[in-house]
Amino acid sequence: MYQNKRIILIVPFFNERERIGQVVEKAKGTSIDEVCAVNDGSIDDGAEIAAQLGATVLSNSKRMGIGVAIRTGIKYALKNNFDIIVV
């Protein structure tokens, strides 16, 4: 049903250094083609951890809320022609 469809997982996060790596790692074993981790102004090193594990990391310069973080990820997904967006 989803063959040949490009799937992106959008993961908005704020100060999640303890968990973001687990989310990125778990997504690797699925049919997800790309993980887009949207850093919503974190002050920890979660963005670096996600990037080291292969996620595309987008960062808001300050905390703007989950809605803005999700929109940031969706804009990226649409710009890059993904067929299925999972949040």
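The values are calculated or read from the model by the stated rules, or taken from the named source; none is laboratory data. Nothing here was measured: the structure is a model prediction, and the numbers come from that model. Cβ coordinates were reconstructed from backbone atoms using ideal geometry, including for glycine residues, and neighbour counts include every protein chain displayed. Quick note on the areas: whole protein, heavy atoms, side chains included, nothing else; ligands and nucleic acids left out. Shrake-Rupley method; radii C 1.70, N 1.55, O 1.52, S 1.80 Å.
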message = Yes or no: segment 74-86 includes at least one residue that is outside any helix (DSSP H, G or I), loosely packed, with under 15 Cβ neighbours inside 10 Å and either in contact with a His (Cβ under 8 Å, 6 or more places away or on another chain) or among the hydroxyl-bearing types (S, T, Y) (or both).
response = no
ask   = When only residues in segment 1-16 that are more than 21 Å from V68 (Cα to Cα) and touching a residue at least 24 places away in the same chain (Cβ under 8 Å) count, which is most open to solvent (accessible area, probe 1.4 Å)?
value = Y2
task = May I ask you to verify whether N60 is surrounded by 14 or more Cβ atoms within 10 Å (Cβ to Cβ) and at pLDDT below 95?
result = yes
remark   = R71 fails exactly one of (1) surrounded by 14 or more Cβ atoms within 10 Å (Cβ to Cβ); (2) touching a residue at least 12 places away in the same chain (Cβ under 8 Å), namely (2)
remark   = Scanning segment 51-82 residue by residue, the ones that are in contact with a Phe, Trp or Tyr (Cβ under 8 Å, 6 or more places away or on another chain) and under 20 Å from R6 (Cβ atoms) total 2
task = Output the qualifying pairs, or none if there are none: Cβ atoms under 7 angstrom, residues six or more apart or on different chains, first residue in segment 17-41 and in contact (Cβ under 8 Å) with a residue 40 or more places away in the chain, second residue open to solvent by 60 Å² or more (accessible area, probe 1.4 Å).
result = D33/R6
request  = Run Q22 past the list (1) open to solvent by 10 Å² or more (accessible area, probe 1.4 Å); (2) under 18 Å from V86 (Cβ atoms); (3) touching a helix residue (DSSP H, G or I) at 6+ places or on another chain (Cβ under 8 Å) and report the number of the one that doesn't hold.
outcome  = (3)
remark   = Going through segment 33-57 in order, the residues found to be more than 27 Å from D83 (Cβ to Cβ), open to solvent by less than 40 Å² (accessible area, probe 1.4 Å) and in a helix (DSSP H, G or I) are G46, I49
